[in-house]
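The values are calculated or read from the model by the stated rules, or taken from the named source; none is laboratory data. Because the structure is a prediction, the values reported are computed rather than measured. All Cβ positions, glycine included, derive from the backbone under ideal geometry; neighbour counts span all protein chains shown. The protein model used for the area step is the full one, side chains on, heavy atoms only, and it has no ligands, DNA or RNA in it. Shrake-Rupley method; radii C 1.70, N 1.55, O 1.52, S 1.80 Å.
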Amino acid sequence: MSDLSAFSLAGRRVLVTGANTGIGRGIAVSVSRAGADVVGAGRSAMDETAAQIEAAGGGRFEAASCDLSDKATAQAMLDQVWAAGPLDGLVNNAGVIRRADAVDFTEADWDEVMEVNLKSLFFLSQAFGRKALEEGRRGKIINIASMLSFQGGIRVASYTASKHGVLGLTRLLACEWAAKGINVNAIAPGYIETSNTEALRADAERSAAILSRIPAGRWGEPGDIGDAAVFLLARASDYMHGACIPVDGGWLAR
Ligand code: NAP
């Protein structure tokens, strides 16, 4: 019989960025249902996430207010959260997307996406890694990658660059920290119904083209990603380092 406790997060404390909505909320709810206490970090109110977690009857939830586009603020937030109780996991989920043809792409749209999706992800991981290594604690980091960690896409230059970078950093951090007790892995969501994909779903032609290419025949839901996150935070994945799990309805297999 398999040891189901290998999939439990009881007694763990996990920080999830961008937990107020979308995939981040889905991860927060799944992770808390698996028994962990969750700290949701972000710049918007987390009331709906708190309510869903309470209704699900899992671990406790608290919110940490923070604009992640500022590296120093984000690191200070993590240090403060850690001071209240050490963390076992960090999920770098917060991300933004800007759409424009490559010939029109602005520097502002480049910088904003890189700051949140890549720079903040690295320095938050660094803050988490420093604490865990200092205290000799095991830790698990999950980075939210994308289909555009593997493919080019169109009209999303900075997003594609940032998500290719997320995959690279996942591998680099895994190589540096695997032997020190920190697992760093990624999840690459396919097309998930959130505000990030609102513009695509509003475009009837693009939306139909995307759907027709998904072997599973449906868009993903935030909970699909949440369940994969539980696995990557649990003991069951202790020997996984630098992996990226596509949760994409088969998109990349096509
Ligand atoms: P979403 O609904 O737009 O959520 C994005 C989250 O990031 C929100 O919580 C947002 O907070 C937060 N965030 C953005 N900038 C921030 C900042 N400066 N400081 C703090 N928080 C900030 O999108 P989503 O689809 O759930 O995306 C979550 C992650 O999944 C992203 O990394 C995205 O790239 C990735 N992803 C999504 C899909 C998809 O199909 N949806 C596919 C592949 C990858 P606010 O609500 O306050 O803006």
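Results, tabulated for the structure shown:
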read-out	value
From phi via Karplus (6.51, -1.76, 1.60), per-residue ³J(HN,Hα) for segment 204-210 in Hz, x at Gly/Pro	4, 5, 4, 4, 5, 5, 5
Long-range HN-HN contacts of Ala64 with modeled amide H, under 5 Å	Gly40, Ala41, Gly42
Additional length obtainable on full extension of the chain from Lys71 to Val103, 0.36 nm per residue less Cα span	8.6 nm
Dipole moment magnitude, nearest 20 debye, the chain about Cα centre, only Lys, Arg, Asp, Glu C-beta charged	660
Note, ³J(HN,Hα) from phi for segment 108-125, Karplus 6.51, -1.76, 1.60, rounded to Hz, x at Gly and Pro	4, 5, 5, 5, 4, 5, 5, 4, 7, 6, 10, 5, 5, 4, 5, 6, 6, 4
Surface share of carbon and sulfur [accessible, 1.4 angstrom probe, percent] for the chain	51
Mean Cα-pair separation over length for the chain, i.e. relative contact order, pairs under 8 Å, 6 or more apart, %	21
Whole-number D in µm² s⁻¹ for segment 104-254, Kirkwood Cα-pair radius fed into Stokes-Einstein, 4 °C, 1.567 mPa s	79
Global size of the chain as Cα Rg and Dmax, reported in angstrom	17.4, 58
Surface per residue (accessible, 1.4 Å probe) for segment 4-247, Å²	44
Packing-based order for 72-82, 28-38, using average beta carbon neighbours within 10 Å, highest first	28-38, 72-82
Vicinal HN-Hα couplings computed from phi for segment 11-24 (Karplus, 6.51 cos²θ - 1.76 cosθ + 1.60; Hz; Gly/Pro x)	x, 8, 10, 10, 9, 10, 7, x, 8, 6, 7, x, 5, x
Among Ala157, Ala179, Ala209 - extreme Cα towards positive end, dipole of segment 157-213, charges at beta-carbon	Ala179
Inter-probe distance in nm under a simple model that places probes 7 Å from Cα toward Cβ, at Glu48 and Arg137	3.0
Average Cα contact separation per residue, segment 119-254, under 8 Å, 6 or more apart, as relative contact order %	29
Amide H within-cut-off set for Val247, under 5 Å, with H built and near neighbours excluded	Ala188, Gly190
